[in-house]
Amino acid sequence: MRSRGWAIAVVLALGAVVPGATSAAGTPTTAPLRVFPADASDKSIKLGLLPYHALAPELNTLQRNSRVKVKVIGQSLQHRDIYQVTVTAPETAADEREQDIWRAEIENNPMAAAKDEGLQAGYKAPIWINSNIHGDEWEGTDAAMRTIRRLAGATDPHTLDLLARTRIVFNLTANPDGRVAGTRENAAGYDLNRDYLTSSQPENRAARDSDIRTQPVYALDLHGYIEGTLIEPSNPPHGQNYEYDLTIKPMYDNAIAIEKAVRALGHPEARNTQIPFRDYPDSWDDWSPNLTTAYAPLHGAAAITVELPAPVDDQYYNTVPVEELRHRSAVNVDVAATTIQTTTDYVLAHRSDLIGAQIETFRRGIAGEPQRTVPDGFVPGFGPEDRSSTVFPRAYVIAGKSGAATARLVNHLIAHDIRVTRANGSYVVDMHQPKRGLANTMLEAGADLTGRTDGLTDTAAWSLSYLWGADVSVLKDGPVPAGRPVTSVKPTGGIEGYGTDLALTLKDGNDIEAVNSLLAKGVPLRRQDDGAIVVPRQAAQDIVAKYAVRLTAAHGPSKPLSRPAIAADLPGDQISLLRELGFTVRPVTTADLKAGFDLSTVDLFVVGDSLRYDLLDPPVQAKVKAFKGGLILTGYAGTQFNEAASLLPVTSDGARTAASGIIRVTNTPARLGGEAPQYTFVSGPYRFTGLGPDVQVEQRYGTGNPLVAGFWPTRKDGHGVAGDFANQPSVISATSGNGNRVVMFGTNPLFRAQSKALFAQAANAIYWSASRD
């Protein structure tokens, strides 16, 4: 059995390691990172912080140190490298393999890991530190670099002990494009800290994979800005799939330690610290797994976010004098660096407990044991409002052929380190597995949070079983069919019909991409009244092979389908999503219309973000009203546009903006056609009443209480609950008095990338409304 003293002695025997040095016992990375050209427009420069282009040159120097290893783990959308930096005591290749073996043992054989004396003595507790996931919250990266420099050269016994017994892994800048541009979102307009479960963006896939490979016992995410400094853990509701008894204590205790250390810095800007678990009644929860530190615990980590205190983003960046901005950034770097040091010290002091908690998390999963009830007062303030739990089913079964939706879901689960087997023609997710909490988070329906909180940090529901289009069923108990492990699934399509022409019914994003690819090539397509796309047989085989689509015999009348040109007032992520589906989209804003944007150059105008018809000058309003093309209206902006422009004779009634969730619906396709799913997603839902004679209902909210899972608070007037929307129109279509084909959505079919089963409904609306009779 190796002792703590043995580990320290090994490091001391190697001698002091200083930046630039190498060690025969270590295996530093020496391949030079590519250096990016200097970019004077990098928004970090104004704040006195490290521009992105300065990172690689310094990392190239640092990685010659045997304590520092740098790995490029992915590229951003604009092809900037994403750096993972690991700092630990020097390791030989054999040492690295031993650490990997122990890490795998913890996940795959936790009962053995709990008894493994070598592991208990020699395993380096991994710490994962994420910085700059919001591009205009810069300082975490600079604090990480400060820490890396310090740890690379320090020779004091405490640092040597820390590096001998931990691995500190930095995702140095999680959003390099946003860092350079000074935007919260990435280059596609996605908030990356709302994308973990879906992992639709390359930056998030790199972070996810780094998290999985690292398997941290503690994760830290550095953000900004909450004046005074905010330090998690979060307030309730807490995610119902956590082993909260294993994580809340290390999160709370470390938060108290960080608070003390931050206050000791003496910065006035940082002293008004807040710990949401202790200080907030709501609105800073860890319910949604799309957040970095709500996702990491599902891989066995304790995890907290820290929000730095001095704002330098948005209007501050443009209005505050440069000297003051740089002062604020310096304060933020100090707070972030202190947070990192306090967290690493906490892990060193509680290493055995944290490793043991991760082992126990995975053991419970494999054994299929129920969650533990956390007693009142387990940590100061813990009470009934903090209890969220679920009952794990025995398994989930993903049925049917390996079509695009099925293959996508199975491959997605596997990418998130969920074990899947193939049995009796279906895919089985046996819930007796280490990361059952993550599997259940992805696949269960969720819960109705109405009445449990007044507000949430993120959306209240996201089930991939309900929103991704695959056929998923729940095996509550009983034997799980034996099967073989699945490492990947290749989607398959096919042709199931005869004749010159074939029909493609839009059900999946792959179907939409296939149609738009053919339109882009000039292949003549037609659209049936039921929404199916008629494809010439000679073009069918190529899209079957490339997009795994399934075609049947064409039937019924059809009309020519053209590739629509779209102008869209939509959030950036939705514009990017439409482009990924193959549509040609030009963003348009109120300012663009004022500046002379010519709507006559497009076939379809989509309004759903912030466009204000009432702020347009009368001549511009007249041009908008004269537009001869399709219109799709959604959300508050769309409903207000309809009212202000007097397009359709309908009344739009909205719930509170905070309402979000998965909703049961009834489809009555009148004009759009297609096979809309039984469930939809809403975020700020609307219902439509007082429908004029030509307005037809395409979809209604379900009967009774249509909310499957989510959060639907009552309005101040006592109305607007989910039951009030029962059987009310949620999607309508009409032809306006000006001859425009108009579709209004009270739902959100393009919300982020999480509602893939709804993309076809949006595409059918686009093709119908943009078409000419």
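Descriptive notes on the structure:
- Pairs, first under 18 Å from Asp161 (Cβ atoms) and open to solvent by less than 10 Å² (accessible area, probe 1.4 Å) in region 79-91, second among the polar types (S, T, N, Q) and assigned to a loop (DSSP other than H, G, I, E, B), C-beta under 8 Å, six or more apart: Glu91/Thr27
- The number of residues in region 485-508 that are outside any strand (DSSP E or B) and open to solvent by 20 Å² or more (accessible area, probe 1.4 Å) comes to 12.
- Number of positions in region 307-341 that are more than 27 Å from the chain's Cα centre (by Cα) and of a type in the set (A, V, I, L, M): 5
- Every condition in (1) under 20 Å from Thr343 (Cβ atoms); (2) open to solvent by 20 Å² or more (accessible area, probe 1.4 Å) holds for Ala255 except the one numbered (2).
- In the set Gly692, Gly710, Gly746, Gly702, only one residue is small (Gly, Ala, Ser) and modelled with pLDDT under 95; that residue is Gly692.
- Residue match in region 292-301 (condition: outside any helix (DSSP H, G or I) and either open to solvent by less than 20 Å² (accessible area, probe 1.4 Å) or modelled with pLDDT under 95 (or both)): yes
- Of residues in region 382-393 being part of a loop (DSSP other than H, G, I, E, B) and of a type outside the set (A, V, I, L, M, F, W, C), the one farthest from the chain's Cα centre (by Cα): Gly383
- Qualifying residue in region 327-336 (condition: buried (at least 24 other Cβ atoms within 10 Å of the Cβ), in contact with a strand residue (DSSP E or B) (Cβ under 8 Å, 6 or more places away or on another chain), in contact (Cβ under 8 Å) with a residue 24 or more places away in the chain and not in a helix (DSSP H, G or I)): no
- Residue in region 617-626 that is buried (at least 19 other Cβ atoms within 10 Å of the Cβ), at pLDDT 95 or above and in contact with a helix residue (DSSP H, G or I) (Cβ under 6 Å, 6 or more places away or on another chain) present: no
- The single residue among Ser610, Ser600 that is among the polar types (S, T, N, Q), open to solvent by 60 Å² or more (accessible area, probe 1.4 Å), over 30 Å from Phe681 (Cα atoms) and touching a helix residue (DSSP H, G or I) at 6+ places or on another chain (Cβ under 9 Å) turns out to be Ser600.
- Residue within region 721-743 that is in contact with a helix residue (DSSP H, G or I) (Cβ under 9 Å, 6 or more places away or on another chain), part of a strand (DSSP E or B), farther than 26 Å from Arg579 by Cα and open to solvent by 40 Å² or more (accessible area, probe 1.4 Å) present: no
- Among the numbered conditions (1) under 21 Å from Val217 (Cα atoms); (2) of a type in the set (A, V, I, L, M); (3) assigned to a loop (DSSP other than H, G, I, E, B), the only one that Val347 does not meet is (3).
- Residue check for Gly638: in contact with a strand residue (DSSP E or B) (Cβ under 6 Å, 6 or more places away or on another chain) and more than 16 Å from Gly608 (Cα to Cα): no
- 1 or more residues within 27 Å of the chain's Cα centre (by Cα): qualifying strands (runs of 3 or more DSSP E) within region 533-587: 565-569, 584-587
- Region 407-436 residues that are over 19 Å from Asn241 (Cβ atoms) and in contact (Cβ under 8 Å) with a residue 12 or more places away in the chain, paired with ones that are of a type in the set (D, E, K, R) and open to solvent by 20 Å² or more (accessible area, probe 1.4 Å) (beta carbon under 7 Å, 6 or more apart): Ala407/Lys490; Thr421/Asp430; Thr421/Arg484; Arg422/Arg484
- Filtering region 261-270 to residues that are surrounded by fewer than 18 Cβ atoms within 10 Å (Cβ to Cβ) and assigned to a loop (DSSP other than H, G, I, E, B) leaves Leu265, Gly266.
- Qualifying residue in region 311-325 (condition: among the hydrophobic types (A, V, I, L, M, F, W, C), open to solvent by less than 10 Å² (accessible area, probe 1.4 Å) and outside any helix (DSSP H, G or I)): yes
- Test: residue in region 393-408 that is at positive phi and touching a Lys or Arg at 6+ places or on another chain (Cβ under 8 Å): no
- Just one residue in the set Thr305, Thr273 is of a type in the set (Ser, Thr, Tyr), under 30 Å from Thr453 (Cα atoms), in contact with a helix residue (DSSP H, G or I) (Cβ under 7 Å, 6 or more places away or on another chain) and buried (at least 24 other Cβ atoms within 10 Å of the Cβ); that residue is Thr305.
- Residues in region 695-711 that are in contact with a Gly (Cβ under 9 Å, 6 or more places away or on another chain), surrounded by fewer than 24 Cβ atoms within 10 Å (Cβ to Cβ) and part of a loop (DSSP other than H, G, I, E, B): Gly704, Asn705.
- Inspection of region 74-93 identifies at least one residue that is out of contact with any His (no Cβ under 7 Å at 6 or more places or on another chain) and in a helix (DSSP H, G or I).
- All positions within region 656-680 that are more than 30 Å from Pro557 (Cβ to Cβ), open to solvent by less than 40 Å² (accessible area, probe 1.4 Å) and in contact with a helix residue (DSSP H, G or I) (Cβ under 6 Å, 6 or more places away or on another chain): Ile662
- The residue that is nearest to Trp138 (Cα to Cα), among those in region 200-231 that are open to solvent by 20 Å² or more (accessible area, probe 1.4 Å) and acidic (Asp, Glu), is Glu227.
- Residue count, region 277-291 (criterion: open to solvent by 10 Å² or more (accessible area, probe 1.4 Å), acidic (Asp, Glu) and at pLDDT 95 or above): 2
- The condition (being over 35 Å from the mean Cα position of the chain (by Cα) and in a loop (DSSP other than H, G, I, E, B)) is satisfied by just one residue among Leu611, Leu672, Leu648: Leu648.
- Number of the exception - Asp542 against (1) surrounded by fewer than 21 Cβ atoms within 10 Å (Cβ to Cβ); (2) within 30 Å of Ser660 (Cα to Cα); (3) out of contact with any Lys or Arg (no Cβ under 9 Å at 6 or more places or on another chain); (4) not hydrophobic (A, V, I, L, M, F, W, C): (2)
- Region 509-539: number of residues that are crowded, with 22+ Cβ neighbours inside 10 Å and of a type in the set (Gly, Ala, Ser): 4
- Matching helices (runs of 4 or more DSSP H) fully within region 394-483 where at least 2 residues are open to solvent by 10 Å² or more (accessible area, probe 1.4 Å) and closer than 29 Å to Gly494 by Cβ: 404-415, 464-467
The values are calculated or read from the model by the stated rules, or taken from the named source; none is laboratory data. This structure is a prediction, so every number in the text was calculated from the model and none was measured. Glycine also receives a Cβ, built like all others from the backbone with ideal geometry; neighbour counts cover every protein chain displayed. In case anyone asks, the SASA skips ligands and DNA or RNA and just uses the protein heavy atoms, side chains included. Shrake-Rupley method; radii C 1.70, N 1.55, O 1.52, S 1.80 Å.
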